[in-house]
Every structure is written in C-alpha cells, then in structure tokens.
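The structure under discussion appears below in the form of structure tokens.
The values are calculated or read from the model by the stated rules, or taken from the named source; none is laboratory data. Since the model is a prediction, treat every value here as computed from it, not as a measurement. In this analysis, Cβ positions are derived from the backbone assuming ideal geometry, glycine residues included, and neighbour counts consider all displayed protein chains. The protein model used for the area step is the full one, side chains on, heavy atoms only, and it has no ligands, DNA or RNA in it. Shrake-Rupley method; radii C 1.70, N 1.55, O 1.52, S 1.80 Å.
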Amino acid sequence: MNRETRQERQKPGGRIARIVAPIFHRMLDRVDSGLAAGAIEASLPDGTRRLLGGRVEGPLAIVHVVRWRALWRLASSGSVGWYEGWVAGDWTCPDPVPLFDLFMRNAVTLRRVGRAGGPAKLAARAWHRLRRNSRAGARRNIAFHYDLGNDFYREWLDHSLTYSSAIFAEPIDVAEPLTQAQTRKLRAVLARTETKAGDTILEIGCGWGSFAAIASAAGVRVHGITLSREQKEAVEAQALPGVSVAITDYRDVAGKFDAVVSIEMVEAVGREYWDDYVAVIARALKPGGRAAIQYIAIDDAIFAEYADGVDFIQRYIFPGGLLLSETRFRAIAESHGLMWQDCAGFGLHYAETLRRWREAFDLAVDKGRLPARFDARFVDLWRYYLMYCEGGFRGGGIDVAQITLVKR
C-alpha cells in the first residue's frame, strides 16, 4: 500500500469511509425511527450532521461521532462497546447523561439497536457465567467493588457512607443536604419493620453501617452481614450499641429475627440465586415478622433481552450482578409465604443522588483527594458509571423501590 492510499483511507472523505458511511447511516435510520421521545444531534465522520428523533418532546443529546468505529462497537457489543468507544475517543459528548436517558427512555422502541449480538454476546455471556455468585464467586465479586477502600468511598459519599438511593423531600429539592435525604430513607426502612426497642433485625448487606446506626439509636439490635472486609472494619469502628457485624454469606445465616432489612443488596445476588435469597429471608423471620427491602428493578418489557446479555455495569462495575424483574421476584417471594405490601418507587430520587455523588466525586478528583492508587482510566470509568446510572434512572426504564414482605 503506497502513502497516498494510506492517507485516503485515513481521511473522513477517503474511499473506505465513503464505502462504509451508507452502512452506518442505515443504522442511524433505525435509531431515528426508534426514538419515540427526545432527540440526538449527531455530527458524523463524513462531515454530515443529523437530527435523530425530535418528533416528541424529551431530552436532547449532542454527540460527535469521531470515527465510524463507534457505531460498529455499539452494534456488535452494545453498552460495553459504547463505553469502550468512549475510552478510545471514537465518540464524544459534552454531557452524556441525556444520551443515557434517551437510550433507556426509548429502550422498548429501539429494541435491539445498541444490544450486543453474535460472537461478542456469546463471549460476554461466557465471561459473565464465570463471575456467577457462588459462595466463592460472591466474595470475589463483592471485593472487586466494595473493597476498593474506605478511603475511596469517604471522598464522595455523604458522611454516613450510605451507598444507595436517598429519598428527598418532594418536589425534589436540589438544595437539601444529601445526608438529610439519606437519613429520611433509612428511617423509612426502619419504619417498615415496625420494630421497637429490644427487637432484633438481620441486615443482609450492611454496607458501612448507616442503617445500623439509625436502628441502634432507636434501641433496636442489629446483626449485620457483609462479604466486604472494609465494610466490616468500618462498622466495628463505630462501636454502635446493640450492633454486631460478621463476614457471612447470606446463605449461611442462622437464627430467628423480628425483622430483616436489605438495602440494594439483592442486585448483587444474580437471577439463579433469587430463590435462595428469598428463602433465607423467610427462614430468618419469626412468624408475622417483616422484611424491608430496597431494590433496583428494570422494566419487565425489556428484562428478557437485558438478562440475556451482559451490559456495561456487569462487565466493568458489578460483576455477577443483575437488576430485578419485579414481577418475577414478587412471585418468588409469595411462593415462600411472604406477602408483598406497600411497594413505593422513587427512581428520580436516585437520579438526584447520583448527580450529587458525581459532583462530590469530581470535586475530590479536582482537589487531588482520591487515593493515588487510582489512575486516570479508573477515574474516567467511575465518572462514566455515575453518569450512565443517572441517565438510566432519568429515562425511567430502571427504578428503585422499597417493599415490605410480611411472613404469614
């Protein structure tokens, strides 16, 4: 290949680009027809600009596709490929949150556009299967995410180290302190248990102890379990009255409790273990006891396709994880004699929580406060993760909810 040919292939208007451009424009035609709400203003490698969607009011995303390879990554590897294209500089966006909002808001009408297929999907599923949450796998997966270090999470979570959605005063007040909103959420969880001083609560996935602190202050005894050594150390360091914590797999829980609490832990269980998780709750509760669960669910209309693949979050952030299908999970709970009561969703509150976390994260980065062991690539990954999740909750295809399960 001579020098002139190489240059032609590298230029946006080169021969190869002219050949492939129509293929990708047809893909963009499918995106255009699938955007039932909102719009994308796209600038493309061939110098053209396109407005995709725009027929019904909704978010507007500005996207610059630097190389056609970005769309190939999206078509072949879905959200995993889209992230990898962002890392490679194949596409840029001044604010990706509206883009992720659009992807989720239009997930049903976009159908398989942007979902992995073929060899990439098969390889991802094989990888994901290796990260399933057996007892050994669960410890490994939890350590991957939660044992990044307490010194890391302290820099951008609120001072209670609550790593789950807050509940803000409504309408959502952007000026309300995050710690205040987190306290409201934790008290709402405690209220669902209807426990009183001296009662006992099993907390499955106790985090860094923020719920245990609220319950302890009310005179309720809490036994928290976790697979994270960093979290166990943080809980023990608080020396909360009536609170104990142990490194225990939920499947190994013994004893009876007046109530069970589990806040955004079930997403880390995996679909094949939902029945085990619910069985433990039913077994641990005394007759008439109540379990307060906060969980993240994905729209049932897209659950099957979602569960059949591996998305960006599962690949890079939470190996082994899976969002719930509310109808499927409810059926399992009821099969174990647990009555499903008082379900309340608050997805936009999670979007606001994530926005707060990202602001704090960016400030910690700007001030050089993150531990030195985390390089620029890690920082970019986590910033992308926070934006990706915020957009998902704003789009409404995923929701966070609280439910009370009552043992018959």
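Rounded is the label for the stretch 150-279, because the ratio a/c of its alpha-carbon gyration tensor axes (a ≥ b ≥ c) stays below 1.5.
Can you work out the FRET efficiency for the pair Arg283 and Arg154, with r the C-beta to C-beta distance and R0 = 41 Å, to the nearest 0.05? Let's see the in-between values first.
Working: r = 35 Å, r/R0 = 0.86.
The value I calculate is 0.70.
Using the alpha-carbon positions of the stretch 359-408, Rg (one decimal) and Dmax (whole number) come out as 16.6, 53 Å. Ligands, DNA and RNA aside, Ile19 has an accessible area near 100 Å² when probed at 1.4 Å. For the stretch 144-165, backbone nitrogen atoms closer than 20 Å to the point 7 Å from Lys367 Cα along Cα-to-C-beta are found at 149-163. Looking only at the stretch 298-314, which residues have a backbone nitrogen under 14 Å from a spot 7 Å from the Cα of Thr327 in the C-beta direction? Within reach of a label on Thr327, which here means backbone N under 14 Å from a point 7 Å along Cα→Cβ, the stretch 298-314 contributes 298-305. Residue separation of Leu130 and Asp147 scaled by 0.36 nm, minus their Cα-Cα distance, works out to 4.1 nm of gained length.
Here's the picture: charge each Lys and Arg Cβ at +1 and each Asp and Glu Cβ at -1 in the chain, and of Val108, Gly89, Ala268 the one pushed furthest to the positive end of that dipole is Gly89.
Kindly provide the trypsin sites (Lys or Arg not before Pro) of the stretch 175-274 that DSSP labels as loop, not H, G, I, E or B, and whose Cβ sees at most 15 other Cβ atoms within 10 Å. Don't skip to the answer; put the middle values down first.
On the way: sites: Arg184, Lys185, Arg187, Arg192, Lys196, Arg221, Arg229, Lys232, Arg251, Lys256, Arg271; in loops: Lys196, Lys256.
Hits after loop and neighbour filter: Lys196, Lys256.
Between Asp276 and Ser43, the C-beta separation translates, for a Förster distance of 45 Å, into a calculated FRET efficiency of about 0.35. Computed from backbone phi with θ = phi - 60° and the Karplus coefficients 6.51, -1.76 and 1.60, the 3J(HN,Hα) list for the stretch 86-102 is 5, 4, 7, x, 6, 8, 9, 7, x, 8, x, 4, x, 5, 5, 4, 4 Hz; x is used for glycine and proline. Largest first and in whole Å, the equivalent-ellipsoid semi-axes of the stretch 163-213 read 23, 13, 8, each the square root of five times a Cα gyration tensor eigenvalue. A crude spin-label estimate for the pair Trp340 and Glu57, with each label 7 Å from Cα along the Cβ direction, gives 3.3 nm. In percent, rounded to a whole number, the relative contact order of the stretch 133-213 is 29, using alpha-carbon pairs under 8 Å and six or more apart. By a 1.4 Å probe calculation restricted to protein chains, Cys343 has an accessible surface near 60 Å², given to the nearest 10. For Gly224, nonlocal amide neighbours, meaning residues 5 or more places apart or on other chains whose placed amide H falls under 5 Å from its own, are Glu203, Ser244, Val245, Ala246. What is the angle, in °, between the Cα long axis of helix 326-335 and the longest principal axis of the Cα atoms in the chain? Nearest 10 is fine, range 0 to 90. The answer is roughly 30 degrees.
For the stretch 33-130, applying the loop criterion from DSSP together with a ceiling of 10 other beta carbons within 10 Å to the GluC sites (Glu not before Pro) yields Glu57.
Taking the Cα centre of the stretch 120-235 as reference, the dipole from Cβ charges on Lys and Arg (+1) and Asp and Glu (-1) amounts to some 900 debye.
Computed over the Cα atoms, what is the radius of gyration of the chain divided by 2.2 N^0.38 Å, N being its residue count? Taking the Cα Rg and dividing by 2.2 N^0.38 Å, one obtains 1.06. Taking the stretch 380-400 and a reference point 7 angstrom along Cα→Cβ of Val108, the backbone N atoms nearer than 12 Å belong to 397.
For the stretch 188-204, the Karplus equation 6.51 cos²θ - 1.76 cosθ + 1.60, evaluated at θ = phi - 60°, returns couplings of 5, 5, 4, 4, 4, 6, 6, 7, 10, 3, x, 6, 10, 10, 8, 9, 8 Hz by residue, with Gly and Pro reported as x.
Can you tell me how the stretch 37-127 classifies by the Cα gyration tensor, rounded, prolate or oblate, using a/c under 1.5 as the rounded cut?
Working: a/c = 2.04, a/b = 1.34, b/c = 1.53.
Verdict is oblate for the stretch 37-127.
State whether the stretch 297-408 is rounded, prolate or oblate according to the following rule on the C-alpha gyration tensor (a ≥ b ≥ c being the square roots of its eigenvalues): a/c under 1.5 gives rounded; otherwise a/b larger than b/c gives prolate, and the remaining case gives oblate. Prolate shape, in that a/c is at least 1.5 and a/b is the bigger ratio.
Along the stretch 220-237 the Karplus relation, 6.51 cos²θ - 1.76 cosθ + 1.60 evaluated at θ = phi - 60°, assigns HN-Hα couplings of 8, 8, 10, 10, x, 10, 7, 10, 9, 5, 4, 5, 4, 4, 5, 5, 4, 5 Hz to successive residues, with x for each Gly and Pro. In this structure the amide hydrogen of Gly270, modeled in the peptide plane, comes within under 5 Å of the amide hydrogens of Leu322, none closer than 5 places in sequence on its chain. Close amide H pairs (under 5 Å, H built 1.01 Å from N) link Trp156 with no residue at least 5 positions away or on another chain.
Rounded to the nearest 10 degrees, the inclination of helix 15-34 to the longest alpha-carbon principal axis of the chain is 40 degrees.
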